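Visitor: Got a structure for you, questions after.
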């Protein structure tokens with residue numbers, strides 16, 4: 001019986017990470033977790049690189065040290081989610097609900113945040129890496145003759 005990505009992820013990080021490793025060994029892998037209902041799930045250390053998580057419910061979930069690099073989290077509910085030390089490099093968070101989310105130590109380099117996003121609405125610390133406010137990437141600056 002073929003299990004959906006959501007069903008496999010619900011079985012826990014160890015099962016999911018093995019699945020993701022196996023899929024990536026075959027070639028490009030984009031986990032389909034659009035509209036996933038994972039509120040309160042323990043997803044610590046999970047590999048969700050390049051995942052389609054648009055409109056997913058991840059409220060109050062434990063995404064501590066999760067790798068969400070390149071993930072599309074547009075419209076996702078991350079209210080009060082624990083994203084401590086999470087990798088959100090180049091992720092898309094447009095329309096995501098982040099009220100009360102803990103981003104302490106998270107890396108949001110290159111991430112696209114919603115224009116209405118306010119840092120005061122989340123928990124963060126001096127180790128949190130924020131995207132550049134003007135959304136210019138290092139590569140764009142190099143092309144214009146600047147430094148990354």
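The values are calculated or read from the model by the stated rules, or taken from the named source; none is laboratory data. Only a predicted model underlies this, so the values are computations on that prediction, with no experimental measurement involved. All Cβ positions, glycine included, derive from the backbone under ideal geometry; neighbour counts span all protein chains shown.
Visitor: For residue 25, indicate whether it is touching a strand residue (DSSP E or B) at 6+ places or on another chain (Cβ under 8 Å) and at pLDDT 95 or above.
Guide: Working: touching a strand residue (DSSP E or B) at 6+ places or on another chain (Cβ under 8 Å): no; at pLDDT 95 or above: yes.
No, not satisfied.
Visitor: Regarding the stretch 55-65, can at least one residue be identified that is within 10 Å of the chain's Cα centre (by Cα) and either part of a loop (DSSP other than H, G, I, E, B) or modelled with pLDDT under 95 (or both)?
Guide: Yes, the conditions are met somewhere in the stretch 55-65.
Visitor: In the list 100, 105, which residue meets the criterion of being assigned to a loop (DSSP other than H, G, I, E, B), at pLDDT 95 or above, touching a helix residue (DSSP H, G or I) at 6+ places or on another chain (Cβ under 8 Å) and closer than 28 Å to residue 12 by Cβ?
Guide: 100
Visitor: Could you tell me whether residue 90 is under 24 Å from residue 10 (Cα atoms) and either at pLDDT 95 or above or assigned to a loop (DSSP other than H, G, I, E, B) (or both)?
Guide: no
The rows are residues; the columns are (1) over 15 Å from residue 7 (Cα atoms); (2) surrounded by fewer than 17 Cβ atoms within 10 Å (Cβ to Cβ); (3) free of Cβ contacts under 8 Å to residues at least 12 places away in the same chain.
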| residue | (1), (2), (3) |
| --- | --- |
| 25 | yes, yes, yes |
| 38 | no, no, no |
| 46 | no, no, no |
| 49 | yes, no, no |
| 61 | yes, no, no |
| 75 | yes, no, no |
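Visitor: Something else now. Just one of 75, 40, 45 is in a loop (DSSP other than H, G, I, E, B), at pLDDT 95 or above, touching a helix residue (DSSP H, G or I) at 6+ places or on another chain (Cβ under 6 Å) and at positive phi; which is it?
Guide: 45
Visitor: Residue 17 is checked against (1) more than 19 Å from residue 76 (Cβ to Cβ); (2) out of contact with any strand residue (DSSP E or B) (no Cβ under 9 Å at 6 or more places or on another chain) and fails just one. What number does that condition carry?
Guide: (2)
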